[in-house]
Amino acid sequence: MIVELISLILLWFGIYYIVSLSLNMEFGYAGIPNFGKALSVLVGAIAVGGILDRLLMLYFGVGGGLIEGSTYATSMINDVIASNPLVGIGILILSIILASILGFIVGAIFILPSAKLKEDYLGITLLAISEAVFLVCTYDLNIIGGYYGISTPDILAFVSGEYRGWVFTGIVLFIAFLVYLFFERLLNTPFGRILKAMRENEDTVKAFGRDIMKLRIKTMAIGSAIGAIAGALYSLYTVNIVANAFTRVEWTFFPFLMVLLGGKGNNKGVALGVLCYVIVKVLLDVYKYDLKYTLNIPFEPVWLSYILFGVLMLLILYYKPSGLIPEKPILTPPMKKKIMEISNNK
Amino acid sequence: MEILRTENIIKYFGEFRALNGVSISVNKGDVTLIIGPNGSGKSTLINVITGFLKADEGKVYFENKDITNKEPAELYHYGIVRTFQTPQPLKEMTVLENLLIGEINPGESPLKALFYKKWIPKEEEIVEKAFKILEFLKLSHLYDRKAGELSGGQMKLVEIGRALMTNPKMIVMDEPIAGVAPGLAHDIFNHVLELKEKGVTFLIIEHRLDIVLNYIDHLYVMFNGQIIAEGKGEEEIKKVLSDPKVVEIYIGE
Amino acid sequence: MILEGAIIYSNLLVLLALGLTLTYITTNVPNFAQGSYAIVGSYVALTMLKLFDISPYLSLPVLFVVGAVVGLVTYLALKPLIKRGASVEILMIATLAIDLILLGVIGAYSEILSAIVGSTQAKFVFANLDFSLFGFKGILFVSTFVIILLLIGLYLLLYKTKFGIALRASMENPSLAQTVGIDVEKTRLFSWILSGALAGIAGGLLPFMQEIVPATGGLIIISIFAASIVGGLRHISGALIGGYIIGVSESLITYYLASAFGTGFLVYGKVISLIIMIITLLVTPYGITGVDWKKVKKMLSTS
Amino acid sequence: MIKVKNLNAGYGKLQILFDVNAKIEKGKITTVVGPNGSGKSTFLKTLFGLTKIYSGEIIFKDKDIAKVPPHKKARMKIAYLPQTNNVFANLTVEENLKIAGYVLNKDKVKERIEIALNVFPELKDILKRKAGTLSGGQRQFLAMGMALVRDAEVLMLDEPTAQLSPKLAEVIFEKIIEMRDNFGLTILLVEQNAKRALEISDNGYMFVSGRVAFEGTAEELLNHEKFKEYSLGITAI
Amino acid sequence: TQKQEEENVIKVGLLVDLSGGLATYGNNEKHICEIAEEKINKYFEEKGIPYKVKLYVEDTKADPKVCLDKMQALHAMGINFFLGPMASGEVKNVKNFVNSNKLVIISPSSTAPPEAIGCAKPEDKKYIFRFVPTDNFQGNAIGDLAKELGLKNVIVIYRKDAWGDGLEKATVEKLKANGIKVIDEIPYDPNIGDWSPIIQTATNDISGKGNDTGIIFIGYEEVATLLAQIKDDSPLLNYKWVGCDGTANSKKVIEEVKDKAIKVGLYSTMFYSETDEAEKLKEEFKKRGYGEPDQYALNVYDAFWVGAISYAEMLNESGKYDADLLAKKIKENAIKYSEGQFGVKSVTGYIKLNEWNDRASGNYGIFAVTKDGWKLVGIWDSTTGKISWQ
Ligand SMILES: Nc1ncnc2c1ncn2[C@@H]1O[C@H](COP(=O)(O)OP(=O)(O)OP(=O)(O)O)[C@@H](O)[C@H]1O
Ligand SMILES: Nc1ncnc2c1ncn2[C@@H]1O[C@H](COP(=O)(O)OP(=O)(O)OP(=O)(O)O)[C@@H](O)[C@H]1O
Ligand SMILES: [Mg+2]
Ligand SMILES: [Mg+2]
């Protein structure tokens, strides 16, 4: 049981860490209130489901609608993967590439309203765009199968069932680690600094020659590309895509919670925030029944778990209103060197 | 030689005409001062020149290029840098970071940021420079303090320091020494003179005449959105300042 | 018929958006729990109906009070954070946590109520209880009346009384507000209470229009935000205008689109209202009430 | 009027003021000068209760008010004009003035606003404008006007003439003198326009690094070595 | 000892929507499972079967992602057998987790065809049972019912989700085959706030049509809200309405819009079994203050029984959890259970599963709203397609 719990926690840690890291760059660093984060995750799913699946259907010559067609096409590719793991890995890489390209493009377009809109107005507009796309994808069955959903290839068809979860968790953690390294490298630099400056005061940044719009576009393109990777991974994990699984609550609000819990503008803090969230959630999911029986409450433990979850989150916020690990200044190597010099001189 | 010229700038806020046909000319390497009663449109003029407000009519030329209503970011690349009357600190960032923003580093492009070699040299250079400026502004002991937690005068100093980080052709300063201790204010203007020697042009708004008059070459007086007097050189400036109209509206008895 | 529905729906959105705008104006917190506040009100109204046989219209005063208590409790929960100078985002996320708590409470309560009443109370409407007047539904009159009353009251309060100015002042700059002698604590408390009370009222009326389940709050919050924002977050009349834009586009415009392009469009009501909101915001970046009409007039007269 | 004893205060864990002792005499103008960041504003904020006090006493009318919350101090007829963010940007000029008289009754407010508008007639034309759209100087005299509306006994002003034209700055200084001489107000002034400020003051303090570096009459301070050092620059990059 | 006790407990997960749009159904399923839990435990005790069942309820909010999250958590607690989830999208989202971890689930209400939930071959669905026939059955029943009612033209109003969409398609197909003209197909958003666009559209469609026209409503209890919002003098109330198992026997309809429902009849199809077992269960359900159980609640009740019995047999035979054995047992026991071989009776009639493990049997009762509430007015025979009116 413990083993399964750990696997579960690690898997979700990995997936949410990828989403939260990208959100942290957009929101924690650049100050863009991206309440449409779920869109980038959905885009990842569209890359896998809407594009890759169609390619597979073409390749195998499966006709008919997307919903049934994808079932047959993926079933065929799964047979191939089962005997040739390389194909599975190839599909994983292909999915990630497709997702990040599509995410990159969508992110760059998605932020364009920010040319005119500020803060709350921008935040709600991003939310609205994301929600509109979500609803269209849910009701229109031709994009990714809507509420029926479509199948995606099982990249681990060669791994036997009981180990599949572990292997996939490993893959997710590995990719999350790469994403972490990427962001650390990308953001502990003048780029990260200028993003924070933009968050703090746009006028100053403008007066000193930076094009705010370009910076935002770059940020959101990268952020959405990474978010899309998480979406692709999730789709590959569940081996299918159901459009209404990409809700704003699960993929926007909770990641925001994780980022703020951990401490925005701090990639390590965010890791802690994600971990806290996932652990609390999983443990509550599991142990709430014991609570019910020990406390003898007259209603379903589900409700209790919602209440407790909310209370715990509030408590963490009380205890650490600027996150578990607060933001730290960006110190580039030359800054570190110079500061060392000064403190030695003292 | 003229570096900046405005022609008949008109600017409305709603129905209110804040600038009513302002034409000024600034010579390269001069320190030009604009004075005028509160609300006469000085800051508005500067905001139009630096692209933070769009002129309703009129033209702005910099080095004979038409820069009317260009974006602030673009003007920076023409060589114009400015400070704000109300300081605009990057509140959650350190004083040092606030200064470093003054110079553009190639590492601000996400692609180059990934390759340290592309930006470390520049970074070393600007860090060095930033500490020198902090030293001068008596802020070096506060380099790691958040800018939002500075005193009013210190914020003003950071604002100036950031402008000094760059090597622009022209620095536009909106009341740079309001709230700055008098001694340090003199120091700052002495530094202005140093930079002027190197050919930097200054366009400045300031009310503290007791301090700034010793350092300027050229004076404009604004009133109700118009230029009402101008003087170049010590003699003329004196004359303008003793003009009864100027005394009445601005200097007082 | 279609117009009537659209007006009622808009009215309810206005009511909900009013509360949201109010806490936003006065405490700067975008309250994600606003929807659930209303649902608390709905369940209380249901309780009054089931246990004491009191019509939901008559229980509005009670709902006002209950809503006020919910607002108060939320504020007390947020207070330590506000005191510690938490950022707007942190507060917003905290309201999300509160929303979750409310969902849990509502869900648990609905079960307990079901047990008492003897049938499942997880989902309900009041539409069948409504009266009708001149061939129109009662809710049309009641909601319109409540809105007019509240708008006038709020307008007078916020823009015409000293206390109203104090409310807005303490949001903008609490420490300066203290220097002029405003007890910032009290003003915040008041606006949360009032906002909760407004939501309570909205909660009593909402079931006349749509089905209520414990999660309804989370489902409607986007429409509430949309209404509040498209009208302009800084002014209470923004909620009025916004509520109508969102409400009317969700029903009326959707209906006309559907009759022009096929009934398939009918499911896209929310999408259409969101798109209209986005377009409106792109034209008027600070919401409708943020438009500088003098400037527009000048632009029109010069062109 | 106000007596400060061994005051230690700061922001959170960061101590700014160290063992400050001071006396603000009734009906007199006391001016505080000092380099940027020396703790002048912090001193005023501390008196008003906007910072964290670690130890020390603030005696006002024989009572220790160190722990009294700011909004109550406003009711004790202590007024404070902050250095920055001293108007409500989203309220109109009129609303700003009204709210300044929050603790007064309606008629009194009207009367005081009348007085303030007479001192700053420039405000009359812009009553309906949002304070956020004012020029720097206009904002400053709105803030001063708000201080006047308050009808206080003790007035603490943090750089009231910053950003004002020389003419208006002089008007302010004259008003300050008038308030002392005609209304008997106690005034605590922080100024970087130090020379002029000390010329009109009775007593002077100089702060350096959060400590009182000089205490005496204004005249003594004007002629003191330390003051010269502070007002004439010497360093360069 | 505790450990022993633990080993003798058969943990059963129930994945339902408790807080979202399907909350009443979720609650009904939950309550009926609680009744089943008691009865099964009593039955085990009487028969000397050394196990106890224990129910773990989770709220999925009808969100496929949440559904998978919860299933993962429950599985981590050692639960291998699940009742639910409710929607086809949810079933699809957990499908792979079920297969790779060898869990067994029985959904009481997912009706989409197997290919639509990602199963290319019966092998893919060997652990996924559905105790509800796919949409064709009920679609045929509704189509035939419309014909029997003498309808020549119909408007179909349907819920836009996997459940409503599937049933609508099947129904329309049958309607057309029966020579009935479908004037319009009007979808509605499951989270709909204002019904007036739907009402207005339907009114426009129907204006001037003869009384051989009808309205087919494919959705859940929101029909009560819809009817409540239709004005008393609306022309829509002059036509016959046909519902489905989502509306049949809805207590809300009786409580909230009985008069209007009587006026339009609201002929609704529902799984029919001759056993009086169902009646007894309904009685018990009502007695406990839960109201009227819906079709899906009855399905899950049977699913629980079959699952529990099979689980116990599996443990007896192999001593541990064995998915393949359990699946095999469920398939066999479904029939035995329907035939009453265990001494308890099915409440939903004969449960025959096809090669996809989906239910492939069943007659439909036709219920209508009368002055005395819901009444069985006819029975549709799945083999003949004929309706025998009562
Ligand atoms: N909110 C704050 N949080 C933390 N430190 C602060 C804060 N405000 C001011 N400080 C620090 O306290 C010290 C004293 O600041 P203060 O504002 O009292 O200076 P001052 O004498 O008024 O200077 P100035 O003449 O520039 O207004 C400075 O070093 C400043 O950095
Ligand atoms: N955004 C705005 N909206 C409306 N009016 C404005 C706005 N900005 C400035 N004004 C008005 O335009 C006039 C000129 O303002 P400006 O800031 O240029 O004055 P200034 O000469 O810089 O004064 P000061 O010396 O006090 O800073 C003032 O009357 C001011 O109130
Ligand atoms: Mg100015
Ligand atoms: Mg100060």
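Some points to look at:
- For segment E:262-309, filtering for residues that are open to solvent by less than 10 Å² (accessible area, probe 1.4 Å) and part of a strand (DSSP E or B) leaves 3.
- Filtering segment A:297-309 for residues that are touching a residue at least 12 places away in the same chain (Cβ under 8 Å), of a type in the set (S, T, N, Q) and assigned to a loop (DSSP other than H, G, I, E, B) leaves an empty set.
- In segment E:84-136, the residues that are surrounded by 24 or more Cβ atoms within 10 Å (Cβ to Cβ), among the polar types (S, T, N, Q) and farther than 24 Å from E:Leu298 by Cβ: E:Asn93
- Number of the condition not met by C:Lys270 [criteria: (1) surrounded by 22 or more Cβ atoms within 10 Å (Cβ to Cβ); (2) over 30 Å from C:Ser110 (Cα atoms); (3) under 24 Å from the mean Cα position of the chain (by Cα)]: (2)
- Checked against the criterion of being farther than 19 Å from E:Thr370 by Cα, aromatic (Phe, Trp, Tyr) and open to solvent by 10 Å² or more (accessible area, probe 1.4 Å), segment E:183-195 has no qualifying residue.
- Restricting the search to helices (runs of 4 or more DSSP H) fully inside segment A:117-201 and requiring at least 1 residues that are out of contact with any Leu (no Cβ under 8 Å at 6 or more places or on another chain) and under 27 Å from A:Leu56 (Cβ atoms) gives A:119-139, A:141-144, A:161-187.
- Matching residues, segment D:144-165, being within 15 Å of ligand 3 (Cβ to nearest atom) and touching a strand residue (DSSP E or B) at 6+ places or on another chain (Cβ under 9 Å): D:Ser165
- Residues satisfying the stated conditions in segment A:309-336, i.e. of a type outside the set (Gly, Ala, Ser) and facing chain C (nearest Cβ under 8 Å): A:Phe309, A:Val311, A:Met313, A:Leu314, A:Leu317, A:Tyr318, A:Pro321
- Unmet requirement for E:Lys328, which otherwise passes all of (1) farther than 27 Å from E:Leu145 by Cα; (2) part of a loop (DSSP other than H, G, I, E, B): (2)
- Only one of B:Lys112, B:Lys91 that is modelled with pLDDT under 95 and within 16 Å of ligand 1 (Cβ to nearest atom): B:Lys91
- Residue check for C:Leu78: farther than 27 Å from C:Val117 by Cα and among the aliphatic types (A, V, I, L, M): yes
- The residues of segment D:1-41 that are open to solvent by less than 60 Å² (accessible area, probe 1.4 Å), among the polar types (S, T, N, Q) and touching a Phe, Trp or Tyr at 6+ places or on another chain (Cβ under 8 Å), listed by number, are D:Asn8, D:Thr30, D:Thr31, D:Ser38.
- Of everything listed in (1) within 13 Å of ligand 4 (Cβ to nearest atom); (2) more than 27 Å from D:His224 (Cα to Cα), the single unmet condition for D:Thr42 is (2).
- Top-ranked residue of segment B:160-175 - restricted to ones that are within 13 Å of chain D (Cβ to nearest Cβ) and away from ligand 3 (no atom under 12 Å from the Cβ), ranked as surrounded by the fewest Cβ atoms within 10 Å (Cβ to Cβ): B:Met165
- Filter pass, D:Thr235 being surrounded by fewer than 22 Cβ atoms within 10 Å (Cβ to Cβ) and either at pLDDT 90 or above or not in a helix (DSSP H, G or I) (or both): yes
- If the condition is being closer than 11 Å to A:Gly231 by Cβ and either hydrophobic (A, V, I, L, M, F, W, C) or in contact with a Lys or Arg (Cβ under 7 Å, 6 or more places away or on another chain) (or both), then segment A:11-56 contributes A:Ile15, A:Ile18, A:Val19, A:Ala38, A:Leu39, A:Val41, A:Leu42, A:Val43, A:Ala45, A:Ile46, A:Ala47, A:Val48.
Every residue, every condition in (1) away from ligand 4 (no atom under 16 Å from the Cβ); (2) in contact with a strand residue (DSSP E or B) (Cβ under 8 Å, 6 or more places away or on another chain); (3) farther than 23 Å from A:Lys328 by Cβ, yes or no:
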{"site": "B:Arg145", "(1), (2), (3)": "no, yes, no"}
{"site": "B:Gly148", "(1), (2), (3)": "no, no, no"}
{"site": "B:Gly161", "(1), (2), (3)": "yes, no, no"}
{"site": "B:Lys169", "(1), (2), (3)": "yes, yes, yes"}
{"site": "B:Pro182", "(1), (2), (3)": "no, no, yes"}
{"site": "B:Val192", "(1), (2), (3)": "yes, yes, yes"}
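- Residue in segment E:194-201 that is out of contact with any Gly (no Cβ under 6 Å at 6 or more places or on another chain) and small (Gly, Ala, Ser) present: no
- D:Leu91 touching a residue at least 12 places away in the same chain (Cβ under 8 Å), surrounded by fewer than 22 Cβ atoms within 10 Å (Cβ to Cβ) and within 8 Å of another protein chain (Cβ to nearest Cβ): yes
- Elements of the type helices (runs of 4 or more DSSP H) sitting completely within segment B:137-253 and holding at least 2 residues that are more than 21 Å from B:Ile24 (Cβ to Cβ): these cover B:152-165, B:182-197, B:209-212.
- Where strands (runs of 3 or more DSSP E) sit wholly within segment B:1-116, those with at least 2 residues that are within 15 Å of ligand 3 (Cβ to nearest atom) and under 20 Å from the mean Cα position of the chain (by Cα) occupy B:16-22, B:31-35.
- Condition broken by B:Lys42, with the remaining ones in (1) within 12 Å of ligand 2 (Cβ to nearest atom); (2) open to solvent by 20 Å² or more (accessible area, probe 1.4 Å); (3) not hydroxyl-bearing (Ser, Thr, Tyr) satisfied: (2)
- Of the candidates C:Gly138, C:Gly164, C:Gly107, the single residue that is of a type in the set (Gly, Ala, Ser) and out of contact with any strand residue (DSSP E or B) (no Cβ under 9 Å at 6 or more places or on another chain) is C:Gly164.
- Any hit, segment A:61-83, residues being within 13 Å of another protein chain (Cβ to nearest Cβ), of a type in the set (Val, Ile, Thr) and not in a helix (DSSP H, G or I): yes
- D:Asp202 modelled with pLDDT of 90 or more, more than 15 Å from the chain's Cα centre (by Cα) and either away from ligand 3 (no atom under 16 Å from the Cβ) or away from chain B (no Cβ under 11 Å) (or both): yes
- C:Ile236 meets the conditions (1) at pLDDT below 85; (2) touching a His at 6+ places or on another chain (Cβ under 9 Å); (3) of a type outside the set (Gly, Ala, Ser) in every case but one. The failed one is (2).
- Segments classed as helices (runs of 4 or more DSSP H), wholly inside segment C:215-303, with at least 3 members that are within 30 Å of E:Ile206 (Cα to Cα) and facing chain E (nearest Cβ under 9 Å): C:254-261
- With a requirement of 1 or more residues that are away from ligand 1 (no atom under 15 Å from the Cβ) and among the polar types (S, T, N, Q), the helices (runs of 4 or more DSSP H) lying completely within segment D:116-218 that satisfy it span D:136-149, D:166-183.
The values are calculated or read from the model by the stated rules, or taken from the named source; none is laboratory data. Worth saying up front: this structure is predicted, and the values here are computed from it rather than measured. Every residue, glycine as well, gets a Cβ built from its backbone with ideal geometry; the counts of neighbours run over all protein chains shown. We work out accessible area using only protein heavy atoms, side chains counted, and drop any ligands, DNA or RNA first. Shrake-Rupley method; radii C 1.70, N 1.55, O 1.52, S 1.80 Å.
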